[in-house]
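Beneath this line is the structure, given in structure tokens, with notes to follow.
Just so it is clear, none of the values below were taken in a lab; they were calculated from the coordinates. As the structure is a prediction and not an experimental result, all values here were calculated from the model. Reconstructed Cβ throughout: ideal geometry from the backbone, glycine too, with neighbour counts over all protein chains shown.
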Amino acid sequence: MTARATATIRSQRLNALPPYLFVEIDRAKRAKIASGADVIDLGVGDPDRPTPSFIIDALAEAARDPANHRYPPSIGTPGFRESAARFMKRRFGVDADPDRHICQCIGSKDGIAHLPLAVVDPGDVVLAPRPGYPVYQSGAAFAGAEVFDLRLAADTGWTPRLQDVPATIASRAKLIWANYPNNPTAACVDVAFFERYIAFADRHGIIAASDLAYSEVWFDQPPPSMWQADNADLDTTLGIEFHSLSKAFNMTGWRCAFAVGHPEVISALAAIKGNCDSGQFGAIQHAGAVALDHYDHPDVVAMRDVYRQRRDVVVPGLREFGCAVENPRAGFFVWARCPPGPDGEPMDSMAFAARALEEADVVLVPGAGFGPDAATFFRIALTVEVDRLAEAMQRLKTIDFRR
Ligand SMILES: Cc1ncc(COP(=O)(O)O)c(C=O)c1O
């Protein structure tokens with residue numbers, strides 16, 4: 001193939017994605033591992049424990065049922081959607097109709113990435129949090145939308161200043177994203193936030209999207225759904241919320257999630273999905289339904305205790321070497337300010353992450369990759385056993401970051 005041909009293989013929309021900012025840290029991590037170093041990777045937000053066995057048993061049984069070997073409906077099997085609706089009722093007190101308000105997704109990433117194709121036209125604006133899960137941006141970009149950064153910063157508890165969105169942007173916006181419990185900042189909100197969020201979206205005719213991927217990993221109080229807001233109504237509010245089984249039930253590899261929302265938004269998403277995929281394997285949906293019906297199973301509750309124990313090692317450990325950090329109330333991320341550097345100010349996160357890897361063999365996610373407001377913060381995932389977390393804290397403590 002000629003050089004000219006290879007240069008144009010990738011579409012403009014793919015080339016327009018922002019560069020991957022962690023390339024250098026990734027390279028250094030691989031080099032460390034290759035040199036035989038005992039690297040502790042606190043970067044990966046993927047549950048380390050296995051899926052509870054009652055869910056695996058349900059899959060094994062359903063995999064033998066020939067009915068599950070055929071194409072499922074791409075909006076999800078009736079059984080899965082009924083369980084999702086039951087979950088919404090039992091967990092949040094929200095009445096959802098499995099036929100009109102629910103769509104199964106092949107992981108919530110599938111729904112989040114495809115939603116803009118369903119509801120956004122080229123030139124429309126999508127309001128997406130920054131720092132934030134990158135798929136809000138890439139999904140919007142693939143649909144030809146213009147992304148407006150909703151800047152999240154420490155002084156507002158990592159929530160957006162909706163009142164600061166310029167009127168000229170709000171009038172062109174079609175979709176807005178919120179994600180609480182938040183990745184990467186671990187921030188949580190109460191129902192009152194969702195009331196303001198929906199009021200803003202309603203006022204400007206914007207579809208309100210909520211990403212609740214971490215709703216079942218919590219320490220004190222279960223996080224709310226957007227649909228619990230007093231001004232939210234599944235039949236009249238243009239909104240959609242994504243729920244994922246990935247983190248709740250240690251099922252990231254299974255790819256099972258659902259969206260619950262306004263019937264027209266749900267049917268638009270289902271129409272796009274109907275043209276891109278043919279639904280998730282019926283046996284996985286069956287096992288997913290069993291999981292949702294047992295979201296309060298002792299094995300699920302026990303995972304929360306595991307994350308709590310890990311949190312309670314990491315947060316005091318970080319404070320010991322000068323990181324300002326709040327105890328996360330939900331999710332499995334700890335989001336902390338970098339320790340003071342030579343000038344006594346919090347270090348730049350790229351420099352801090354580089355030294356943590358170089359001198360302590362510990363991988364962290366630098367906030368700088370998430371945008372300017374996060375440049376002196378870093379993220380740790382609690383997806384490593386307690387003794388390894390303690391070891392990582394011990395190693396970090398011995399480094400003189402002021403040097
Ligand atoms: C905030 C957030 N939303 C959604 C997802 C996607 O999860 P899944 O596609 O496994 O449901 C992730 C995964 O890390 C996430 O961090």
What FRET efficiency, computed as 1/(1 + (r/R0)^6) with R0 = 45 Å and r the Cβ-Cβ distance, is obtained for Glu24 and Lys89, rounded to the nearest 0.05?
0.40
Evaluate E = 1/(1 + (r/R0)^6) for Asp38 and Ile169, where r is the Cβ-Cβ distance and R0 equals 60 Å; express this FRET efficiency to the nearest 0.05.
0.80
Between Gln12 and Ala390, what is 0.36 nm times their sequence separation minus the Cα-Cα distance? Round to one decimal in nm.
131.5 nm
Neighbour cut-off at most 16 other Cβ (10 Å), DSSP loop, chymotrypsin sites (Phe, Trp or Tyr not before Pro), the stretch 300-354
Phe321
Note the count of lysine pairs whose C-alpha atoms are less than 23 angstrom apart in the chain, limited to pairs 8 or more residues apart or on different chains.
8
Taking 22 Å as R0, compute the FRET efficiency from the Cβ-Cβ separation of Ala302 and Asn327 and round it to 0.05.
0.65
Relative contact order, percent, the stretch 53-293 [alpha-carbon distance under 8 Å, six or more residues apart]
30
Going 7 Å from the Cα of Glu146 toward and past its Cβ, which residues in the stretch 202-232 have a backbone nitrogen under 20 Å from where you end up?
204-208
Which one of Gln104, Gly341, Gln163 has its Cα pushed farthest toward the positive end of the charge dipole of the chain, where Lys and Arg give +1 and Asp and Glu give -1 at the Cβ?
Gly341
Tell me, what HN-Hα J-couplings in whole Hz come from the Karplus equation 6.51 cos²θ - 1.76 cosθ + 1.60 at θ = phi - 60° for each residue of the stretch 351-362, using x for Gly and Pro?
5, 5, 5, 5, 6, 4, 6, 5, 9, 10, 6, 10
For a quick check, take a GNM of the chain with Cα springs below 10 Å and name the residue from Ile33, Ile176, Ile380 with the largest mean-square fluctuation.
Ile33
Rel. contact order, % - alpha carbon contacts under 8 angstrom, at least six apart, the chain:
22
Max mean-square fluctuation residue, GNM over the chain, Cα-Cα springs under 10 Å, options Gly45, Gly371, Gly288
Gly371
Comparing Thr185, Thr156, Thr252 in a Gaussian network model of the chain (Cα, 10 Å), the one with the largest mean-square fluctuation is Thr156
Working note, the chain: Cα radius of gyration (Å, one decimal) and Dmax (Å, whole number) are 21.5, 66
What share of the DSSP beta bridges in the stretch 53-293 is antiparallel, in percent to the nearest 5?
35
Classify the stretch 1-129 as rounded, prolate or oblate, taking a ≥ b ≥ c as the square roots of the eigenvalues of its Cα gyration tensor: rounded when a/c is under 1.5, otherwise prolate if a/b is larger than b/c and oblate if not.
oblate
So, with +1 on the Cβ of K and R and -1 on the Cβ of D and E, and no other charges, what is the size of the charge dipole of the chain about its Cα centre, to the nearest 20 debye?
800
Under a crude label model (7 Å from the Cα following the beta-carbon direction), how far is Ser278 from Gln221 in nanometres?
4.7
